[in-house]
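S.K.: Quick one: the structure is below, and I'll ask about it shortly.
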């Protein structure tokens, strides 16, 4: 028959149990970190899904700030404490590295973007979107600012490639980023908009209105690069998230949002 533990023995036993439990939990608490990520506006939806899955798998948290690539660059150059950037182009990460704001050798292509012509009106765009762009009733065409947003530059290049830039230029209204451009069309402020294809292809969400994927012969590939920033050089969460972006699991999420994976667009 077991005797009762003395108060001192009971205290020692409870102490050992508490220490063991604390030791078991310690790796989770010590290793889980937070990273601040600057995300190009076109990639916001995909980034949210990726960050959520990444947190489930690793315990690390990723805090997302979205905006135009140009404005995010300006914030980083002004000292904003981002640990990494997912840009809408390849040039901005390269520039950050050249200026000592990005970590040498850390940039890579995580996605390849595509353009879509979109209208909130289900009957406005047919099989050939150029007809909608040439329609006499078109009053407003929304694009992102080409000086700030790579998707805006691609939109301008596409219109020029189709021989329509001069005709539609007086009708163009500009958003600061691709998200604002989408909002202009959704609100009715513009009948048409050149937006990221990912905005009309989202997992489990039926496309609203009508759209036409702009043939890639009319604009240069939109290679989107990620880069580890100098502020995040020693941030384990930032490094782990960038590694995760290269994984097959991440590639499936990225493709589900209408992007090509990496720089090849496959």
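Only the coordinates and a few stated rules stand behind these numbers; no lab work does. Just so it is clear, the model here is predicted, and its values are computed rather than measured.
S.K.: Treating the angle as unsigned and between 0 and 90°, give the value, to the nearest 10°, between the Cα long axis of helix 236-245 and the longest Cα principal axis of the chain.
M.R.: Once rounded, one gets 50 degrees.
S.K.: I've got another one for you. Take the chain, connect every pair of alpha-carbon atoms lying under 10 Å apart with a spring to form a Gaussian network, then pick out the residue of 175, 102, 137 with the largest mean-square fluctuation.
M.R.: Checking each option, the largest mean-square fluctuation is seen for 137.
S.K.: Using Cα atoms only, what is the angle between the long axis of helix 150-161 and the major principal axis of the chain, expressed in degrees (0 to 90) to the nearest 10?
M.R.: Tilt of helix 150-161: around 20 degrees.
S.K.: Taking 0.36 nm per residue of separation and subtracting the Cα-Cα distance, what length does fully extending residue 169 through residue 147 add?
M.R.: 6.4 nm
S.K.: With angles folded into 0 to 90 degrees, how steeply does helix 7-31 sit against the dominant principal axis of the chain? Use alpha carbons for both and round to 10.
M.R.: So the inclination is approximately 20 degrees.
S.K.: Let me check against my output: what whole-number percent is the relative contact order of the stretch 115-213, with C-alpha pairs under 8 Å and at least 6 apart?
M.R.: 47 percent
S.K.: With the contact rule set at Cα under 8 Å and sequence spacing of 6 or more, what percent relative contact order holds for the chain?
M.R.: Working: 514 pairs, mean separation 73.6, N = 266.
Relative CO of the chain lands at 28 percent.
S.K.: In the Gaussian network model of the chain, springs joining C-alpha atoms below 10 Å, which of 56, 133, 115 carries the largest mean-square fluctuation?
M.R.: Greatest mean-square fluctuation among the candidates belongs to 56.
S.K.: Distance between the C-alpha centers of the stretch 70-89 and the stretch 113-164? Whole Å please.
M.R.: 27 Å
S.K.: Separate question: On a full-extension model of 0.36 nm per residue, what is the gain between residue 80 and residue 207, subtracting their alpha-carbon distance, rounded to one decimal in nm? Present the calculation step by step, with values, prior to reporting the outcome.
M.R.: On the way: separation 127, 0.36 × 127 = 45.72 nm, distance 3.57 nm.
Once the chain is fully extended between residue 80 and residue 207, it gains 42.2 nm.
S.K.: Determine the percent antiparallel among the DSSP beta bridges restricted to the stretch 115-213, to the nearest 5.
M.R.: On the way: 9 of 15 bridges.
Of all bridge pairs located within the stretch 115-213, approximately 60 percent are antiparallel.
S.K.: Top mean-square fluctuation among 47, 236, 149, Gaussian network model of the chain, C-alpha springs under 10 Å?
M.R.: Among 47, 236, 149, the largest mean-square fluctuation in the Gaussian network model of the chain belongs to 236.
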